[in-house]
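Input: a single structure, listed below in structure tokens.
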Amino acid sequence: MNLPRFVARTGARWLAVACSLGGAELAAQEQPSPDSMAPGAAVRAHIEQLLDEFDELFAKADVAGYLAKFEADHEGALAMFGEHLAHLSQCTKSTHRESRVVTGPTTVGERLLLRLRHVVHWPAPAGDGEPREPFVEDSYLVVRRADDGGVVPTFAIEMPAETRCVRDGKFRCPPCNYEIGGVDGWLCVPLRRERALTFESATFYLLGTDVACDLSVLVEADPVPAKAAAQRMVHAFAKVEPGAEIALPEQWLPPTHEASPPAGLDGCRVEVRLPNDQPQRGGGRAIFHVLTFGGLQHLLLVRGSKQSLQQHATKVDALASSYMLLEDDCDAAKLALQALRHHLGGVLDGATYRNERYDVVLRGPDGWRAEQRVGGAAFRVRWQAPDGSALWLCALRVPVGMSAWSTEAADVLLRRMCEQKQLAPVDGGDASQQDGEQDGAWRPVAGDAKQQPGASPNPNGGMRKTVQLRHQAHDDPAAPPRRVLHVQLHHDLLLLVDGYGSSDDSRRAIERAIESLRRD
């Protein structure tokens, strides 16, 4: 397995900081190109033709044909983009898409950068179903000029709808206390949380090369030294990359703070060599940089071929040198809490979790350790009992390509989750903890403020069901005991309460927690 495929398959889980993108996406560009290099009418016409061809292939759900048009500068980015196209096009083969240029083309070295807007029109549903709203998203497209006067696409990646934290190619996040970027030639692309598996994420791509720098921010329940965090990451990486050669960890601090590091700042660097990846370019490299400060972990993963990293070492160093803390005198606990609240919207008050952004409240079991967790969900909280029992609250936003949650979509998700965790309903089917319901059917949430009084139940919001599950690996002594999964579905949010108790008292505590779940 090579590095680009690894990054694509894991959803770029090493990536990180972003609320989103706005203003100019690139930093100060390369020196202005001579007039002969400026995109003329002929080049623009070729770009429009290319977009028409892309839309036609998208309508046919021909992802392979779509990607075959690229001469990729960065295989990992193209693989990620291909997965995204497959996700959208698998809905139906009669989807219609319209694409247009929003900004650009902008000359960056030997490449032209464009920001595109895509409007996906879904086919009319059969019967009396209501038509779906068009799906709108933006993406970046990079092309180079061909010898015949045309253009050849070399890079593409989708971008999230929200765009707030990037200006002039520089990413700045005050809640997470740092900024980075603003370096010639680097394109900052924020990632959706569900793709990056952390609460903020972005990748800097050095256009025209296979070099990238992924960034992410994590919060640990129990802060660990930078060296320990880095070693944990690289060893997890090595489990999925058997040919990886891990170098010894080194102390590392960004140049901005190296001469006079603030108290509490700790850094480490570990290089992983991938000799089987891109052997024609000297093999691949994944260089992990970990900084811990104020209860947060800032992660930077520089990746590319050995040849490219050596060739572009000056620009890689310039990006690393652009990193800086915004404040160097912080309360460690408060800094982590402000980042969690800013990005996830909730706080823990003893055993009770309240999320003002999504109007969700759950009272967890008293005496259990409660902590917020970072991942791809809208928010996630865990309660852990002294006897090993556990309870999770997880909220999932509407998936990309859908306008609202439905019971059908929720059921598909639940089936996949159970298959992955090797869980199955207990004998006799589903069992509800509420009102003695035993058939596992969806029912309206009692007192749902999102539902109008007297209205018929809305399958896209204010529905619930509870399922009792067992682990299929009966012979596995490490398998958890019987679990309970409670689901609340709203048009904009899917709430999951999942837990297992090791004693009768713990099981009753989990039932009480489920009953306390409210969305006002």
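All of the numbers you see were taken from the coordinates with simple rules; none came from a lab. Worth saying up front: this structure is predicted, and the values here are computed from it rather than measured. Don't worry about glycine lacking a Cβ; one is built from the backbone with ideal geometry, like all the others, and counts go over all protein chains shown.
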| query | Using r as the Cβ-Cβ distance of ALA228 and ARG145, and R0 as 56 Å, what FRET efficiency do you calculate, to the nearest 0.05? | reply | 0.70
| note | Long-range alpha-carbon pairs in segment 356-424, meaning those over 15 Å apart, account in percent for 67
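So if R0 is 35 Å, what FRET efficiency would VAL426 and ALA333 give, r being the distance between their Cβ atoms, rounded to the nearest 0.05? Mind showing how you got there, number by number?
Values: r = 42 Å, r/R0 = 1.19.
That pair, VAL426 with ALA333, gives E of 0.25.
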| said: Counting C-alpha atoms alone, how compact is segment 208-318: give Rg to one decimal and Dmax as a whole number, in angstrom. | reply: 14.4, 44
| Taking the C-alpha atoms of segment 37-159, convex hull volume expressed per residue in Å³ | 101
| query | Under a straight-distance cross-link criterion of Cα-Cα below 28 Å, which lysines are reachable from LYS60, leaving out those fewer than 8 residues away in the same chain? | reply | LYS69, LYS93
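Test of understanding: what is the full-extension gain from ARG341 to VAL152, defined as 0.36 nm times their sequence separation minus their Cα-Cα distance?
Details: separation 189, 0.36 × 189 = 68.04 nm, distance 4.39 nm.
Full extension from ARG341 to VAL152 adds 63.7 nm.
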| request: Would you calculate the separation in nanometres between label points at GLU371 and LEU248, each defined as 7 Å from the Cα along the Cα-to-beta-carbon direction? | output: 3.1
| field | Pairs of Cα atoms farther than 17 Å apart, segment 300-363, % | value | 63
| query | What FRET efficiency do you get for ALA41 and VAL240 if R0 is 35 Å and r is their Cβ-Cβ distance, rounded to the nearest 0.05? | reply | 0.15
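Strictly over 26 Å apart at the Cα level, which of LYS421/LYS465; LYS239/LYS334; LYS227/LYS334; LYS334/LYS465 would you flag in this model?
Details: LYS421/LYS465 19 Å; LYS239/LYS334 35 Å; LYS227/LYS334 23 Å; LYS334/LYS465 37 Å.
Violating the 26 Å Cα-Cα cut-off are LYS239/LYS334; LYS334/LYS465.
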| note | Per DSSP, the loop-located GluC sites (Glu not before Pro) within segment 133-191 having at most 15 other beta carbons within 10 Å are GLU162
| Computed lengthening from HIS87 to VAL136, 0.36 nm per intervening residue step minus Cα-Cα distance | 16.2 nm
